[in-house]
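Right, one structure below, let's go through it.
Read the figures in this text as sums done on the coordinates, not as results from a lab. This one's a predicted model, so the numbers in the text were calculated from it and none came from an experiment. A quick note on method: Cβ atoms are made from the backbone with ideal geometry, for glycine too, and the neighbour counts reach across all protein chains shown.
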Amino acid sequence: MLIGEAPGEREDETGFPFVGRAGDLLTESLLEMKITRSEVYIANCVKCRPPENRQPEDDEVLACRPFLEMQILSIQPKIIVAFGKYAAQWLLGEIPSISKVRGRVWRSRYGSVIPTFHPAHILRNPQEAGKLRRDLSMAVQLANRTGAIT
């Protein structure tokens, strides 16, 4: 399962998570790992786009929490990749920054969590792309070991 922060303009228009440039990057990154989007479940912490594409506020994340919890409980993922600070905080509690927690597996009440950079961050900071690839590779390796990918 992959969890992002909040829909952007294109996601809000289409009702699908990770479309547009960040979605294209995510799709390419998954394909590098020999995974298609249809093999993963993709969701966002916040279900509608915050005004002016600002970061989600705590009350917005809290209001959407039951919906994401229902998705997680329905899917029952063995591994969750959290894209960005807000998704990681949703799953792990308060974190200093995504840079400080990415690159390793964390345990949460929802299972194994691998926090990483959001694809939109990579578009703005292409020098970080290798870190995203390593984190996704770690998720795939863990999924293969746990039988989450068959």
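Annotations
- Hits among lysines - C-alpha to C-alpha of residue 131 under 16 Å, sequence gap 8 or more where chains match: 85, 100
- Using alpha carbons only: equivalent-ellipsoid semi-axes of the chain, gyration tensor based, whole Å: 21, 18, 16
- Residue of 82, 22, 43 that the Gaussian network model of the chain assigns the largest fluctuation, springs spanning Cα pairs under 10 Å: 22
- Our helix-only sum for the chain, with -39,500 (n - 2.57) per DSSP H run of n ≥ 4 divided by its residues, gives a mean residue ellipticity at 222 nm of -14500 deg cm²/dmol.
- Rounded to 0.05, the FRET efficiency of the residue 34 and residue 59 pair, given R0 = 35 Å and the Cβ-Cβ distance, is 0.30.
- Kirkwood radius and radius of gyration were both taken over the C-alpha atoms of region 16-75, and their ratio Rg/Rh is 1.03.
- Taking the DSSP beta bridges with both ends in the chain, the antiparallel portion is around 25 percent.
- Rel. contact order, % - alpha carbon contacts under 8 angstrom, at least six apart, the chain: 25 percent
- Gaussian network model of the chain, Cα within-10 Å springs - most flexible of 30, 123, 91: 123
- Most mobile listed residue (46, 81, 140) in the chain, GNM with C-alpha springs under 10 Å: 140
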